[in-house]
Structures are given as C-alpha cells and as structure tokens.
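Chemist: The structure's right below; bear with me while I get my questions together.
Please treat every number below as a calculation from the coordinates, not as lab data. Keep in mind it's a predicted model, so treat the numbers as computed, not measured. Cβ placement follows ideal geometry from the backbone for every residue including glycine, while neighbour counts extend to all protein chains displayed.
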Amino acid sequence: MKLLPTAEDLKQLPLRASVALAARCAMRIQPLVNFIGQESRKLKSADLASQAIEFAAAFASGDKVKTKDALQCEEQIAKCIAASRKDETTEKVGILAANCIYSTVNATNLCIQSIDAKDCEKIAAKAIQAVSVSIESAANSDNSVERATILDYVTLSRMHLGNFPMFGESCDPFESGYLGPLFDNLVLERSQLNAEWERMEISRAELDPLREELELSKIQIKEQTEKLTEANTLIEQQLKEIETRRATLETDQEEFSAEKHQIQAAASDLRRIFESWAEGSISSSSDAESGVTA
C-alpha cells in the first residue's frame, strides 16, 4: 500500500507547504524529462522544467512570482506533453516526469489565483488536487520518490506553518532549506513510516473533535453577533424616536411659552382696564354724594 499523501491529507497543510512538496517532487524527477522524445523537445522540456520549478519554489518561499510568465510556462509544457504523446520515441517515464512538472506549475498558478477568487477555497482545492497529481506522477516515474515525499510531508505536518486554504508561512523547498537533501534522507524503513503515519492519524483523530468544537463556537459567535447587531439596530431606532419626541416636546414647550406670554399680556390688559373702570366708578360715586349734600 502506498503511503503517499492524498488530496485530503494535503489539506492539513497551507498552500505554500503543499507547493513546496510538489516542487521537491519535480526536482527529484527533473532529469527524467530527457526521455520525452526528440532532441529539440528534450532541451525545451528541460528548460521549461527548470522554469516551472523556479516559479513553484519562489511561491513556496514567499517570493514574488511573475504570474504572466508562470502561466506561459504552464501552457508551453502542456503543448510539449501533447506533442510528445504522438512521438514513438517518447518513453512513459518521460511523460510521467513532464506531467509532474506541469502539475507543479499548475498548482502554483492556481494558488496565486485563489487569493483574489470569490470562492478561494474552491480554487485552493483545485491547486491541492494538482499537487496530488504531481506527487503521484513523480512516484510512478521513480520508485525512490515515494519514501522521500512521505518524509517531507511528515516534516511539514509537524511544523505548523498554517492552515488550508491560506498561503501559510514561507517554506524553502531546496536542499539548503530545512527539508534537507532530496534523496539522502531516506533512513526510515517502511515499518517506521507506517508507525509514523499511524501516529499522525491518531493525532488527526484527536484534533477532529477540537475542530468540530471550534466550528460550533464560530456558529455560536456568529449567532451572538447577529443578535447584538439586531439589538444595536433596535437601540438606534429607539434613540431616534426619543430624539424625535424630545424635539416635539421642545416645540410644544416653545408654543406653550408663547401662549403663556400672550395670556399674561392679555391678563395685564384686563387688569388695567378693570382698574381704570374701578377708578372711574369711585369718582362717579363721590360726585353723586357731593351733589346730595349740597
């Protein structure tokens, strides 16, 4: 049974780490592109393979990738593979190697496209599928690739570089990086690899409940956030109503004050009239009394 990581296994890694894995597979089988057919295509394939690996390594390492050049490289490799399939001198191992190279640069381009995509996870999943094809093609073209790749995967899984579908931290795929030599690290026997794989499966099983709990917490937080938003909206509406009522009350108070002043003015006028009338009545009474006396 093969131990190669599947697409689902690769989703335990961030995108840069997955592309680093594909880039190292491409580096391992790069010499095999010489079995692709006619001499002119051999040279072209070797040059394109180097370019594809450089693009993938640059993305994995966190460096800037010239997207237009990477897409052209992918297109030219596809044409080279199509032409080689019609060439009787092409050996199967050459096609497998070229397919590994193509899938590696294809995965790189898809990863770059995912960051601006509406459904970034869907595009990232396609990139992971391309990485899986790259690994399978490399392993089928060279038996020594399988154990080297699983060791790389185990190492990357332990490094906690980030989560799918994010890019994650930079990951140097070259032999000078922390993944080390492409082939010299084949020191584990298959039984040890099986044991290591089982250990990873157990760890993954232990993490699954935590992931479910985290997803549940996310849902609860989302629900609480929605309730808070509704409450805030209601509070804002109530504040607006209060402000409206306050403005109405202030208007009513101003009108009441104006009416009060009018009433007070009218009362003053009436008081003056009454006082004048009263004074007039008293004067008339006094004159009448004076007349009677005389």
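Chemist: Within straight cross-link reach of K118, meaning Cα distance under 17 Å, which aspartates and glutamates are found once same-chain residues fewer than 8 apart are removed?
Modeler: Candidates past the 8-residue exclusion: nothing left.
Chemist: Using only alpha carbon pairs under 8 Å that are at least six residues apart, calculate the relative contact order of the chain and give it in whole percent.
Modeler: With pairs under 8 Å counted, the relative contact order is 23 percent.
Chemist: Taking every pair of Cα atoms in segment 75-181, average 1/r, invert it to obtain the Kirkwood radius, and report Rg/Rh to two decimals.
Modeler: 1.01
Chemist: Here's something else I'd like to know. Work through the residues other than W277 whose Cβ is under 13 Å from its Cβ and net out their charges, Lys, Arg +1 and Asp, Glu -1.
Modeler: -1
Chemist: Considering only I128, I221, I36, give the residue with the highest GNM mean-square fluctuation for the chain, with springs between Cα atoms whenever their separation is below 10 Å.
Modeler: Its mean-square fluctuation being the largest, the pick is I221.
Chemist: Beyond a 26 Å Cα-Cα separation, which of these cross-linked pairs lie in this structure: K86/K126; K66/K126; K44/K68; K44/K64; K64/K92; K11/K44?
Modeler: K86/K126; K64/K92; K11/K44
Chemist: So, one more: For the chain, what are the DSSP H helices with axial Cα length of 18 Å or more and mean Kyte-Doolittle hydropathy of at least 0.0?
Modeler: 15-29, 39-60, 92-114, 120-141, 145-158
Chemist: Separate question: About the Cα centre, and with charges only on the beta carbon of Lys, Arg (+1) and Asp, Glu (-1), how big is the dipole of segment 7-187? Nearest 20 debye, please.
Modeler: On the way: 19 positive and 23 negative charges, 65 e Å.
The dipole of segment 7-187 has a size of about 320 debye.
Chemist: Just want the answer: with Cβ charges of +1 for Lys and Arg and -1 for Asp and Glu, which residue in N99, T149, S61 is farthest toward the dipole's positive end in segment 7-187?
Modeler: Going by the charge dipole, the pick is N99.
Chemist: Around G162, with a cut-off of 10 angstrom between Cβ atoms, what is the net charge of the other residues, counting Lys and Arg +1 and Asp and Glu -1? Walk me through the intermediate numbers first.
Modeler: On the way: positive: R16; negative: E169.
Neighbour charge sum, excluding G162 itself: 0.
Chemist: Please name which of I235, S84, A17 has its Cα lying farthest along the dipole of the chain towards the positive end, using unit charges on Cβ (Lys, Arg +1; Asp, Glu -1) and the Cα centre as origin.
Modeler: Of I235, S84, A17, it is S84.
Chemist: For a quick check of your reading of the filter: which trypsin sites (Lys or Arg not before Pro) in segment 98-168 sit in a DSSP loop and have no more than 10 other Cβ atoms within 10 Å?
Modeler: K118
Chemist: Something else about it: If exposed chymotrypsin sites (Phe, Trp or Tyr not before Pro) are those in a DSSP loop with at most 14 other Cβ within 10 Å, what is the longest stretch of the chain that has none?
Modeler: Result for the longest clean stretch: 1-177.
Chemist: Using the alpha carbon gyration tensor of segment 7-187, what are the three equivalent-ellipsoid semi-axes (square root of 5 times each eigenvalue), largest first, in whole Å?
Modeler: Semi-axes from the Cα gyration tensor: 25, 19, 13 Å.
Chemist: How much length would be gained if the chain were fully extended between Q238 and W277, taking 0.36 nm per residue of separation minus their Cα-Cα distance, in nm to one decimal? The partial results should precede the final answer.
Modeler: Working: separation 39, 0.36 × 39 = 14.04 nm, distance 5.69 nm.
In short, 8.3 nm is gained.
Chemist: Ok, one more. Efficiency by 1/(1 + (r/R0)^6): what FRET value for Q220 and N143, r their Cβ-Cβ distance, R0 = 35 Å, to the nearest 0.05?
Modeler: So, using R0 = 35 Å, E works out to roughly 0.10.
Chemist: List the longest stretch of the chain that has no exposed loop site; here a site is one of the GluC sites (Glu not before Pro) assigned by DSSP to anything other than H, G, I, E or B, with at most 10 other Cβ within 10 Å.
Modeler: 190-294
Chemist: Which residue fluctuates the most in the chain, going by a Gaussian network model with Cα springs under 10 Å, if the choices are A57, A46, A278?
Modeler: Result: A278 has the largest fluctuation of those listed.
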